[in-house]
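Note sheet for the following structure.
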Amino acid sequence: MHGSASPGWLLVALCAATGAYCLLRMRSSVEEQRSAAGGEALMGFGMAAMAVPAAVFTPPDWVWPVYAVVFGAAGLQALWAARSGRHHLHHLVGAAAMVYMAVVMAGSPAHAHGHAASGTPLLTGVLLLYFTGYVLLTGVRLIPVATVAGGGPGAPPGGAPGGAAGTDGRAAAGWGDRPELARACRLSMAIGMLAMLLPL
């Protein structure tokens, strides 16, 4: 998928690390968190495997239809889960992008890891716009908001940062349940998706 080995390995490392963190998030006591983390772990490891430079390993032709089936099923599961929460629609778009890339690779195996643009320009453009917007929006949401000392309107609700007990005695969420870490995980995968879609 990538012509140069160095960016390919960086992408493999980013996606594999994100997938590993998502596996750890599956130990959460919150059902919704576990479900989302499982889909994101699958996405992270799938992207890592797809990004391995061709000079190291060129997958056999049967791999791409398997990718399409696996991520097609993940997309259907995300569509079903979207009934209870809109954030599952992002998982649906991610799964659709993986199916799209797998179909492109299956249709042009000679260019699977090259520079040739073999995808549908309109669909590639729509996916690039979506993930660019997602990266920008999520990046802005991760910028820390200034807090007011003493707990005014700008103070965060709940406990103190870092998982320590807050001033009201309640314990904050554990590191695996922290929404900003889950958001950073999704941001990393969206950046990886942009890098994988650009050569198509």
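Would you mention how many residues in segment 117-161 are touching a Gly at 6+ places or on another chain (Cβ under 6 Å) and modelled with pLDDT of 50 or more?
Number satisfying all stated conditions: 1.
In segment 55-98, how many are open to solvent by less than 20 Å² (accessible area, probe 1.4 Å) and in a helix (DSSP H, G or I)?
10
Take residue 40 and decide whether it is in contact with a Cys (Cβ under 6 Å, 6 or more places away or on another chain), at negative phi and of a type in the set (D, E, K, R). Even if it seems obvious, please write down each step before you answer.
Values: in contact with a Cys (Cβ under 6 Å, 6 or more places away or on another chain): yes; at negative phi: yes; of a type in the set (D, E, K, R): yes.
Yes, satisfied.
So residue 100 fits all but one of (1) in contact with a His (Cβ under 9 Å, 6 or more places away or on another chain); (2) at pLDDT 90 or above; what number is the exception?
Residue 100 satisfies all of (1) in contact with a His (Cβ under 9 Å, 6 or more places away or on another chain); (2) at pLDDT 90 or above except (1).
Filter segment 24-41 down to the residues that are among the hydrophobic types (A, V, I, L, M, F, W, C) and within 13 Å of the chain's Cα centre (by Cα) and list them by number.
From segment 24-41, those among the hydrophobic types (A, V, I, L, M, F, W, C) are 24, 26, 30, 36-37, 41; that's our starting set.
Within segment 24-41, 36, 37, 41 qualify.
The values are calculated or read from the model by the stated rules, or taken from the named source; none is laboratory data. Keep in mind it's a predicted model, so treat the numbers as computed, not measured. All Cβ positions, glycine included, derive from the backbone under ideal geometry; neighbour counts span all protein chains shown. The protein model used for the area step is the full one, side chains on, heavy atoms only, and it has no ligands, DNA or RNA in it. Shrake-Rupley method; radii C 1.70, N 1.55, O 1.52, S 1.80 Å.
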